Amino acid sequence: MTQENKFLKRLLQWHDENPRDMPWSGITDPYSIWISEVILQQTRVAQGWDYYLSFIDKFPDVDMLASANEDEVLKAWEGLGYYSRARNILKSAHIIVKEYAGVFPNEYDQIIALPGIGPYTAAAIGSFAFGIKKPVLDGNVLRVITRYTGNDSDILNNKTKKEIQIYLEEVMTRVDDPAVFNQAIMNFGALQCTPGIPNCNECIMSKNCIAHKENIVEFLPVKLKKIKKKNRYLNFIDLRDDQGNFLIHRRQAKDIWKGLYEFFLIESKAEIDIKKELLKKEFKDFGISVKGKIAIEKQSSYKHQLTHQTIYGKIFTVRCQKILDGGPNMLITNSLSEYAFPKLLDLYLQDNLETYD
């Protein structure tokens, strides 16, 4: 029996003996699978599933999604982070309606061509919805295969990922149900072949696992690259007047949180303490004019960790008698509930609910 056959036989045996009841088990509708997979790309199942149910309830099919505007979609996505996912979902919905008459494409090359869909998501949709024999390649799967085959190359290198994909594609030529195979190997990585030092003595794969034989399990997979993180200091001015008006702005720059709303922002190279004089100068330079004295009521601090950035956010609660002019690209509104804010500002709003309608 070849190594690939042994791996497949034991994997499917383990899967039968260790059923894992997941919320999406049994779903074959490509639209539903697509939305769930995109949500779960950067979100834990426990948190993401409620968002999925809410999103599907609001946009039950691709036609309803395509007819929505970006603000509606971002509001439904609020709190999930990585908002480019939501914008790409909307772009893809437009393509599916326009080019495929609202029917989700059923070929791998068509699926992966949609905005925001990479090899993993395309393989998941393809295998779960259409029976396409394409392996999913997430962190769990990479860990399982590098250990089983003893591959000590850098898994962040595309060449290594390609080697693992070719290995899995060879295994999948022997598979009857690609959906079962993909679910099995992901579950095996999540439950059995876990990070660190798993319980290899009770593992069905240990007899043929090279990492176990050579006692190098804890050293695989290999990751050589390190992400360089930078600090950013964002100072938001929650300006509100006695009439209940707020000043907000929609982020348009090619930066984090594009398309979401924020308060007036002063970005600095280090932490700063906002003074009335500084505020007056910033307001004047930006074309913001107010009636009455400016009063800084309080300041709130939040830290938000992104993949490549650590955000140190300060929100200054500022009062004035009346906001006369918001300046260019700023919006004066008396309601914040219809706008989607980054999580950092959403936390601030939640902490200050008594001050909002």
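Overview of results
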{"read-out": "Residue, surrounded by the fewest Cβ atoms within 10 Å (Cβ to Cβ), within the range 6-21, restricted to residues that are without any contact (Cβ under 8 Å) to a residue 60 or more places away in the chain and outside any helix (DSSP H, G or I)", "value": "Asp21"}
{"read-out": "Residue match in the range 155-169 (condition: at pLDDT below 90, more than 28 Å from Val45 (Cβ to Cβ), assigned by TED's automatic domain parsing to the domain that holds Phe130 and not in a helix (DSSP H, G or I))", "value": "yes"}
{"read-out": "Whichever residue in the range 105-132 is of a type in the set (S, T, N, Q) and buried (at least 18 other Cβ atoms within 10 Å of the Cβ) and, among such residues, is farthest from the chain's Cα centre (by Cα)", "value": "Ser127"}
{"read-out": "Residue that is farthest from the chain's Cα centre (by Cα), among those in the range 241-256 that are in a strand (DSSP E or B) and within 10 Å of Ile332 (Cβ to Cβ)", "value": "Asp241"}
{"read-out": "Checklist (1) out of contact with any helix residue (DSSP H, G or I) (no Cβ under 9 Å at 6 or more places or on another chain); (2) among the hydroxyl-bearing types (Ser, Thr, Tyr); (3) under 20 Å from Leu347 (Cα atoms) applied to Tyr302, failing item", "value": "(1)"}
{"read-out": "Counted residues, the range 180-234 - those being among the hydroxyl-bearing types (Ser, Thr, Tyr), within 24 Å of the chain's Cα centre (by Cα) and farther than 30 Å from Ile315 by Cα", "value": "1"}
{"read-out": "Leu239, sole failed condition from (1) at pLDDT 90 or above; (2) farther than 30 Å from Tyr302 by Cα", "value": "(2)"}
{"read-out": "Hits in the range 335-357 (condition: loosely packed, with under 13 Cβ neighbours inside 10 Å and either modelled with pLDDT of 90 or more or over 28 Å from Val73 (Cβ atoms) (or both))", "value": "Glu354"}
{"read-out": "The range 31-79, subset of a type in the set (Lys, Arg) and under 16 Å from the mean Cα position of the chain (by Cα), residue farthest from Thr307 (Cα to Cα)", "value": "Lys75"}
{"read-out": "Val136, sole failed condition from (1) touching a Phe, Trp or Tyr at 6+ places or on another chain (Cβ under 6 Å); (2) buried (at least 18 other Cβ atoms within 10 Å of the Cβ); (3) touching a residue at least 60 places away in the same chain (Cβ under 8 Å)", "value": "(3)"}
{"read-out": "Check on Lys293, more than 30 Å from the chain's Cα centre (by Cα), exposed (fewer than 11 other Cβ atoms within 10 Å of the Cβ), part of a strand (DSSP E or B) and touching a residue at least 12 places away in the same chain (Cβ under 8 Å)", "value": "no"}
{"read-out": "Whichever residue in the range 135-154 is touching a strand residue (DSSP E or B) at 6+ places or on another chain (Cβ under 9 Å) and among the charged types (D, E, K, R) and, among such residues, is nearest to Leu40 (Cα to Cα)", "value": "Asp154"}
{"read-out": "Residue in the range 34-82 that is surrounded by the fewest Cβ atoms within 10 Å (Cβ to Cβ), counting only those that are basic (Lys, Arg) and free of Cβ contacts under 8 Å to residues at least 40 places away in the same chain", "value": "Arg44"}
{"read-out": "When residues of the range 215-224 are limited to those that are in a loop (DSSP other than H, G, I, E, B) and not β-branched (Val, Ile, Thr), the one farthest from Glu17 (Cα to Cα)", "value": "Leu224"}
{"read-out": "Condition met for His212 (modelled with pLDDT of 90 or more and assigned to a helix (DSSP H, G or I))", "value": "yes"}
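The values are calculated or read from the model by the stated rules, or taken from the named source; none is laboratory data. Computed from a predicted structure; not experimentally measured. When we count neighbours, we look across all protein chains shown, and the Cβ atoms used for this are built from the backbone with ideal geometry, even at glycine.
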